[in-house]
Amino acid sequence: RMSRHAQQLRDHDTNPCVAETDASRKCMDDNNYNKDMCTAYFLKYKSCRKFWHDIMMQRRRQGVKPEMPSAEERKKMLESMG
């Protein structure tokens with residue numbers, strides 16, 4: 001059984017970057033943990049985290065709850081941005 005923290009990290013509603021996390025991990029597994037081979041995946045993950053962190057901070061300042069948009073709401077936001 002997963003810990004509560006591990007479950008939160010797998011929850012698409014609270015972690016917008018599950019796919020990027022999984023891709024980075026798979027790259028590391030596939031490349032014998034040679035980080036140099038996975039730089040692009042790490043950058044994608046990092047920009048995902050930064051993007052949603054900025055959204056979360058903006059919502060917090062505006063008093064919007066929940067601070068992290070749900071998976072469905074995030075999908076719509078990304079679609080509206082093209």
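The values are calculated or read from the model by the stated rules, or taken from the named source; none is laboratory data. Values in this document were obtained by computation on a predicted structure and should not be read as measured data. Methodologically, a virtual Cβ is constructed for each residue, glycine included, from the backbone with ideal geometry; neighbour enumeration extends over all protein chains shown. The area values use the complete protein model at the heavy-atom level, side chains included, leaving out ligands, DNA and RNA. Shrake-Rupley method; radii C 1.70, N 1.55, O 1.52, S 1.80 Å.
In table form, for the structure just shown:
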| quantity | calculated |
| --- | --- |
| Stretch gain in nm, segment Lys44-Leu9, where the contour uses 0.36 nm per residue and the Cα spacing is subtracted | 10.9 nm |
| Neighbour cut-off at most 10 other Cβ (10 Å), DSSP loop, chymotrypsin sites (Phe, Trp or Tyr not before Pro), the chain | Tyr33 |
| Accessible area of region 1-55 belonging to carbon and sulfur atoms, whole % at 1.4 Å probe | 54 percent |
| Under 16 Å from Lys35, Cα to Cα: aspartates and glutamates that are on another chain or at least 8 residues apart | Glu20, Asp22 |
| Distance between modelled label sites at Arg60 and Asp30, nm, 7 Å Cα→Cβ extension | 3.5 nm |
| Between helix 18-30 and the chain: long-axis angle, C-alpha atoms, 0 to 90°, nearest 10 | 0 degrees |
| Cα long-axis angle, helix 71-81 against the chain (0 to 90 degrees, to the nearest 10) | 90 degrees |
